[in-house]
Amino acid sequence: MAGNSQRRNRRTSNKKGAMVGSGGKRRRGLEGKGPTPPAEMRKGHAKQRVANARARNATTRPTPRRGAGKGSNELVVGRNPVVEALREGVPATTLYVQQFIDSDDRVREALKLAGDRGGIHLMEAPRPELDRMTNGLNHQGLVLQVPPYEYAHPEDLSAAAFDDGEDPLIVALDGVTDPRNLGAVVRSVSAFGGHGVVVPERRAAGMTAGAWKTSAGTAARTPVARATNLTRALEAYQKAGLTVIGLAADGDVELQDLEVLDGPVVIVVGSEGKGLSRLVGDTCDLRVRIPMPGGAESLNAGVAAGVVLYEVARQRRG
């Protein structure tokens, strides 16, 4: 009877209150947490870091460190190479012409181009002297001396962009040894509104006459900086608020899905075949792949940089 009484009391109880286990929180749970804050206000989001960097740089500009050394003198040897270098505006200090040379159209054009440009010394030299200068190369009576290139410091590139009120757009090359690839990257950076190119000091292509030629004259207005240590240069960019994006065939995100290209960024391009070195790859904030429906395994540095820079320009216009 006692058991029946207890069951009847539970069924007929009119006691009000929260159900056991709710803790009285059911109503608060239904209230929700409000609308999702924008990306710029979410802690840890890439866009929040970009917004913070913009705010910092609005009041404090990084002090530029002008100059990162010079390259070395270079000689362009042979009639066709000399004429092509002069046509493309490769900087030059002296045009050496062999004494008693058999003149042809190329020799005459070289002399005219050098004379029209101004600032290029014309020197006549005996053949043995030109042989000595070129270590016996087939100079064909024409030798053009290219002065050392004056490299910027990596921090100069971002500082100049911030001073102009723009988000830096920089391309860094990791292990790219072909000067023509460097020249092609410089040309793409110039075409899509970038602020410069960074190359390592060692085991990398520099601004040679070949790079100048491939840049089609854009190297005159697009600075190239040289980094003693590329990894440390990238870390300095990160501290300044730039997002470092590495191109990799096994990247975690596809290029068109990247959401940080409208902010300050560094695009890191590795060598064809080897890709990014381990330390540089580990330093990148994001590793991005370029979709290639055609099935190609990789793109050379010049083409890869051009594809990414176009996407950056597209997103920034939008």
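The values are calculated or read from the model by the stated rules, or taken from the named source; none is laboratory data. In this text, all values refer to a predicted model and were calculated from it rather than measured experimentally. Glycine also receives a Cβ, built like all others from the backbone with ideal geometry; neighbour counts cover every protein chain displayed. Surface accessibility is based on the protein's heavy atoms, side chains included, excluding ligands, DNA and RNA. Shrake-Rupley method; radii C 1.70, N 1.55, O 1.52, S 1.80 Å.
Out of all the residues in segment 122-143, which are assigned to a strand (DSSP E or B) and more than 14 Å from Leu75 (Cβ to Cβ)?
Leu122, Glu124
Check Ala225, Ala204, Ala219 and return the single one that is within 15 Å of the chain's Cα centre (by Cα) and open to solvent by 20 Å² or more (accessible area, probe 1.4 Å).
Ala204
Return the residue satisfying two criteria in turn: it lies in segment 122-159 and is within 17 Å of Thr93 (Cα to Cα) and either open to solvent by 60 Å² or more (accessible area, probe 1.4 Å) or touching a His at 6+ places or on another chain (Cβ under 7 Å) (or both), and of such residues it is modelled with the lowest pLDDT.
Glu150
Examine segment 149-162 for a residue that is in contact (Cβ under 8 Å) with a residue 24 or more places away in the chain, under 26 Å from Cys284 (Cα atoms) and charged (D, E, K, R), and state whether such a residue exists.
yes
Of the conditions (1) within 14 Å of Val185 (Cβ to Cβ); (2) surrounded by fewer than 17 Cβ atoms within 10 Å (Cβ to Cβ), Asp262 satisfies every one except a single condition; which number is it?
Result: Asp262 fails condition (1) only.
Any idea which of Arg287, Arg232 is assigned to a strand (DSSP E or B), at pLDDT 90 or above and more than 20 Å from Asn181 (Cβ to Cβ)?
Only one candidate qualifies: Arg287.
Identify all residues within segment 56-84 that are more than 25 Å from Val198 (Cβ to Cβ) and either modelled with pLDDT under 90 or in a helix (DSSP H, G or I) (or both); write none if there are none.
Thr59, Arg79, Asn80, Pro81, Val82, Val83, Glu84
Looking only at residues in segment 271-297 that are under 23 Å from Arg314 (Cα atoms) and in contact (Cβ under 8 Å) with a residue 40 or more places away in the chain, which one is least open to solvent (accessible area, probe 1.4 Å)?
Val288
Which residues, counting only those in segment 85-106, are in contact with a Gly (Cβ under 7 Å, 6 or more places away or on another chain) and part of a helix (DSSP H, G or I)?
Within segment 85-106, no residue meets the criteria.
I'd like the residue in segment 93-121 that is of a type in the set (A, V, I, L, M, F, W, C) and free of Cβ contacts under 8 Å to residues at least 40 places away in the same chain and, out of all such residues, is most open to solvent (accessible area, probe 1.4 Å).
Phe100
For segment 298-318, which positions are open to solvent by 20 Å² or more (accessible area, probe 1.4 Å) and under 21 Å from Thr214 (Cβ atoms)?
Passing the criteria: Ser298, Leu299, Asn300, Val303, Val307, Tyr310.
Kindly indicate whether any position in segment 164-185 is free of Cβ contacts under 8 Å to residues at least 12 places away in the same chain and surrounded by fewer than 20 Cβ atoms within 10 Å (Cβ to Cβ).
yes
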